[in-house]
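The values are calculated or read from the model by the stated rules, or taken from the named source; none is laboratory data. All values derive from a computational prediction rather than experimental measurement. All Cβ positions, even for glycine, are placed from backbone atoms using ideal geometry, and neighbour counts span all protein chains on display.
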Amino acid sequence: MSRSKFTTCDECVGAFTTLDRNKWAEVRKQLISIHSENTVYLDTIESALFTVYLDDIEPDEDETAIARNMMHGDGKNRWFDKSFQLIICSNGVYGVNAEHSGLDGSIIGKMFQYITQNDFEYHWSIIPI
């Protein structure tokens, strides 16, 4: 790959994580060969437990549009190799995208159901207004 293929969308590196594992490994090596500082960036992302995305969109109540955004967004700012991705839209709509080869998807779903239900009950009961 040439350098120009990487520089056309500096914010799209996460899209490479959708590739076959062997191909993504090749691209990763090429990213590091372009600039050694890319190792630091990749290591930071890869060593994180999960990723958080603050999407600058406001999906309406259309469940299909919300699901589509949580599944892949525009395909540029997701890191599909993470165990889960927390996605928060600018209007407060949020969701989770889980890579569940190592975990059953229902476990991640249940975990976030518990967090959202208990988080609101806990915080609203102790924060003085």
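Below is a table of values for the structure above.
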| read-out | value |
| --- | --- |
| Residues of segment 49-94 that turn out to be touching a Pro at 6+ places or on another chain (Cβ under 8 Å) and within 17 Å of L19 (Cα to Cα), as a count | 0 |
| Failed item in (1) modelled with pLDDT under 80; (2) more than 15 Å from the chain's Cα centre (by Cα); (3) outside any loop (DSSP other than H, G, I, E, B), with I129 passing the rest | (3) |
| Qualifying residue in segment 56-70 (condition: small (G, A, S) and at pLDDT below 90) | yes |
| Close pairs from segment 46-57: first part of a helix (DSSP H, G or I), partner surrounded by 12 or more Cβ atoms within 10 Å (Cβ to Cβ), Cβ under 9 Å, at least 6 apart | E46/W79; E46/D81; E46/K82 |
| All positions within segment 1-22 that are at pLDDT 90 or above and in contact with a helix residue (DSSP H, G or I) (Cβ under 8 Å, 6 or more places away or on another chain) | F16, T17, L19 |
| The lone exception for S33 - which of (1) at pLDDT below 85; (2) farther than 30 Å from Q117 by Cβ it fails | (1) |
